[in-house]
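Presented below is the structure to which this report refers.
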């Protein structure tokens, strides 16, 4: 087994979480190596215009690893037998940030204090009822005010555009009709504006305004002007092609760790990227990690990489899988309180207009937060006990509704194949609007990740196994949010509305969080506020795994934010690498 030269920082995986910390620590003079199990695909070679192919990338999952490489199973109950599931996140340099939609959010202030908010708004009786159903609510060991500067750094350095809804308490300060008036206060404006509106956006916006709601164009991790980041990375503006969500961007306009951050890290001379390098074990001596073992997946050769600081920057599933396979359990807490979202559906057909919903990127969308978080808690207090729920959802209007991505968005009376299906598609594909309903999941005792002994990859690592159910809070929320979506489409003038308020648990929602929650108590959490493991102070966990709670929003910007936060803590010695409880 070859032993590589020791590095100051060893990063496992190179996705969204790994990008900021790699760049910041390399800029600070640390020697950094990132070990990414997937290939290093590039904009010019792999995502060029000649490769714009929805059948290849989305329908056939060309960016996704096959089951034999990343085995993954799901069950809804621990008494069930887990079955193979589709792994829907890319395993490659840049990870899922390469194929994400670009919808980029800051969390609300109360998203960081869910348990306290529930107690303050609804009282101990409601909290006790949730806990009887297995909910394990917890506050983050961070406040929005503490992380706001790092959210801003994501926007400026990674590249996020939008309309400000709240600058230092001034609501909609740039455009009285744009920006999210419910967003947490920001200190400064976005560095550029979001994507322009299309017909889908205008239809949704009209319906929302008819109901007295507050629509806005969502913040977008896609450049709309020629943009030079503070790192000196230059990228061109979006061309509004429809090959976006599920694709690598042919123009490097979609912000990602691959195009926004990797060039800056490599330019320092302190950063090394090794692709096709799968870490299979964290090697421990006492209360420290001293090295990792990884396999060159092209040759099958094993290597040892020593280091001083280790950071898990892979996707949530793989971070938890590696910890458990390495025998690191944190007294049984690793893998617990896993969260992903199941969403209801609302689709609408407009017979009187052509919408051309396939036109433009998926994140070219308007949305509302009127029913997200606890924005509307006074209305929820009026619900019956059988309908009451906590938290909420973002409701929005995605674009990129091309035929190969809408084939299953059908009314019940339309067949899924044959002449009836073809006729429906011909008549309605350009008249269709399908809503996004981002319902917030809660963490539960019965929702967790562990290892499945029945499936292993070729290196002998067991599959990660998901156990999760859809509970009453999520089901009630889904029905409520579904009905609000129907109201918006009806107010917009839809001729026909279809979909379902019912949800089913899923293995992965692309917003998969929890499993190594951060906290203030080592007996109740896996890491401290900086992702530093209580059990192993020189090991840090990145990505969505450390989330104590989720939100009714995409998690990517918060994952990037936490990576910047951890980098700052290491660089400025806010953490003690010998004692995880001695942080500032």
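Screening residue 475 on (1) in contact (Cβ under 8 Å) with a residue 40 or more places away in the chain; (2) surrounded by fewer than 23 Cβ atoms within 10 Å (Cβ to Cβ) shows it passes everything except condition (1).
The requirement of being out of contact with any helix residue (DSSP H, G or I) (no Cβ under 6 Å at 6 or more places or on another chain), buried (at least 20 other Cβ atoms within 10 Å of the Cβ) and either modelled with pLDDT of 95 or more or assigned to a helix (DSSP H, G or I) (or both) is satisfied by residue 164.
Every residue, every condition in (1) under 30 Å from residue 138 (Cα atoms); (2) in a loop (DSSP other than H, G, I, E, B); (3) at pLDDT 95 or above, yes or no:
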site: 398; (1), (2), (3): no, yes, no
site: 404; (1), (2), (3): no, no, no
site: 408; (1), (2), (3): no, yes, no
site: 426; (1), (2), (3): no, no, no
site: 433; (1), (2), (3): no, no, yes
site: 442; (1), (2), (3): yes, yes, yes
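Among the candidates 548, 537, 522, the residue that is under 19 Å from residue 329 (Cβ atoms) and surrounded by fewer than 18 Cβ atoms within 10 Å (Cβ to Cβ) is uniquely 522. Note on the stretch 40-66: residues that are within 14 Å of residue 91 (Cα to Cα), free of Cβ contacts under 8 Å to residues at least 60 places away in the same chain and not in a loop (DSSP other than H, G, I, E, B) amount to 0. Scan the stretch 324-350 for residues that are part of a loop (DSSP other than H, G, I, E, B), in contact with a strand residue (DSSP E or B) (Cβ under 6 Å, 6 or more places away or on another chain) and within 19 Å of residue 283 (Cα to Cα) and the total you get is 1. Looking across the stretch 174-196, the residues that are assigned to a loop (DSSP other than H, G, I, E, B) and touching a strand residue (DSSP E or B) at 6+ places or on another chain (Cβ under 6 Å) come down to 178, 179, 180, 181, 183, 185, 190, 192, 193, 194, 195.
Give me the residue from the stretch 82-120 that is free of Cβ contacts under 8 Å to residues at least 24 places away in the same chain and over 18 Å from residue 317 (Cα atoms) and, out of that set, nearest to the chain's Cα centre (by Cα).
Looking only at the stretch 82-120, we keep the residues that are free of Cβ contacts under 8 Å to residues at least 24 places away in the same chain, and these are 83, 116, 119-120.
So of that shortlist, the ones also over 18 Å from residue 317 (Cα atoms) come out as 116, 119-120.
Values: 116: 24, 119: 27, 120: 28 Å.
Once the filter is applied, the top-ranked residue is 116.
Taking the numbered list (1) over 26 Å from residue 104 (Cα atoms); (2) modelled with pLDDT of 95 or more; (3) assigned to a strand (DSSP E or B) in turn, residue 453 passes all entries but (2). Within this structure, residue 465 passes the test of being more than 28 Å from residue 203 (Cβ to Cβ), in contact with a strand residue (DSSP E or B) (Cβ under 8 Å, 6 or more places away or on another chain) and touching a residue at least 24 places away in the same chain (Cβ under 8 Å).
The values are calculated or read from the model by the stated rules, or taken from the named source; none is laboratory data. Bear in mind the structure is a predicted one, so any value in this text is a computation, not a measurement. As a convention, Cβ positions derive from the backbone with ideal geometry for all residues, glycine included, and neighbour counts pool all protein chains shown.
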